[in-house]
Amino acid sequence: MDSPHSRVTSIGSAVGANLVRVAGTLLATRLAKDEGGRVTTTDNAWVIPQATERRYGAALFDLDGVLTPTAEVHMRAWNRMFSDYFEAHHVSPAYTDDDYFAYVDGKPRYDGVRACLASRGITLPEGDPTDAAGTETVCGLGNAKNDMFAKVLRDEGIAPYAGSVALIDHLKEAGVPMAVVSSSRNAPEVLAAAGIDHHFEIVVDGAVAARDRIPGKPAPDTYQHAAQLLGVPEGDAVVVEDAISGVQAGAAGDFGLVVGVDRGAGADALRAQGADVVVADLAELIA
Ligand SMILES: [Mg+2]
């Protein structure tokens, strides 16, 4: 079986395979037009209990927080990196997860390093993103955290949300094409560690977006790109997101439906930013 890396980098051949598959699916599928004139597949299509007025033809999933509880892995990786560094340099107080929420959560990697060090009165040279992991610079420590993240994934794995797996299985059974759309550059590793990489031929992650110069979320472009790669009209696809910026990306496009998954952002906030439907668990999207 292909590694997740080769699957992402050989996206061209994946597209070819998909077009053949999608063409076959379309031949076997009756097509109808909904009131807006958009093409809707009437077979092999997704019935969503909260939006039964029509059927949907593709699922575009965010990864972190939608399919996998990845925030916990990031927290563990930060904890290991800073605990090692603080111990080696006799820094007190010791690092705790409170530091994660106070100084690191939601920030670009190197900003988090700088802020947490500053909380202990430490200033390090910035260094360069190419610094080896563990170099005593902001970038070096940040890169060490990224290595820790990969190691935690390898050593401990990550269990995908059970409800998300149930929905993936359901859509697979129904023949509904699926893609992952993630800002993270670690998406292939996370999908593999979670054991769900084989479900996704199309992964538009941070590395693909950077390579193809596709604007990231909250712009809709990465989701639109995924729909194109699946060969499904944008208006037939459902965006599934847990982050405010991701829901904004869905709302900025012309997608069939934007589903917000409330993992802490809040149902009202997700709706206010453009979620048509809000659920607490993806199993709620199975009719
Ligand atoms: Mg997310």
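The values are calculated or read from the model by the stated rules, or taken from the named source; none is laboratory data. The structure displayed is predicted, hence computed values, not measured ones. In this analysis, Cβ positions are derived from the backbone assuming ideal geometry, glycine residues included, and neighbour counts consider all displayed protein chains.
Selection within the range 235-247: residues that are within 12 Å of the chain's Cα centre (by Cα) and among the charged types (D, E, K, R). The member of this set that is farthest from the ligand (Cβ to nearest atom) is E241.
Restricted to the range 61-107, and to residues that are aromatic (F, W, Y) and either assigned by TED's automatic domain parsing to the domain that holds A179 or touching a residue at least 24 places away in the same chain (Cβ under 8 Å) (or both), which residue is nearest to the ligand (Cβ to nearest atom)? Among those that are aromatic (F, W, Y) and either assigned by TED's automatic domain parsing to the domain that holds A179 or touching a residue at least 24 places away in the same chain (Cβ under 8 Å) (or both), it is F61. Take V232 and tell me if it is of a type in the set (V, I, T), closer than 24 Å to Y56 by Cβ and touching a strand residue (DSSP E or B) at 6+ places or on another chain (Cβ under 7 Å). Yes. Here P69 fits the description: modelled with pLDDT of 90 or more and buried (at least 16 other Cβ atoms within 10 Å of the Cβ). Checked against (1) away from the ligand (no atom under 12 Å from the Cβ); (2) at pLDDT below 95; (3) on the phi > 0 side of the Ramachandran plot, P215 meets all criteria but (3).
Picking from V258, V181, V232, V190, which residue would you name as being more than 16 Å from the ligand (Cβ to nearest atom) and under 21 Å from S164 (Cβ atoms)?
None of the others qualify; the one that does is V232.
Can you name every one of the strands (runs of 3 or more DSSP E) wholly within the range 198-287 that holds 2 or more residues which are out of contact with any Lys or Arg (no Cβ under 6 Å at 6 or more places or on another chain), free of Cβ contacts under 8 Å to residues at least 60 places away in the same chain and within 22 Å of L171 (Cα to Cα)?
It comes to 257-261.
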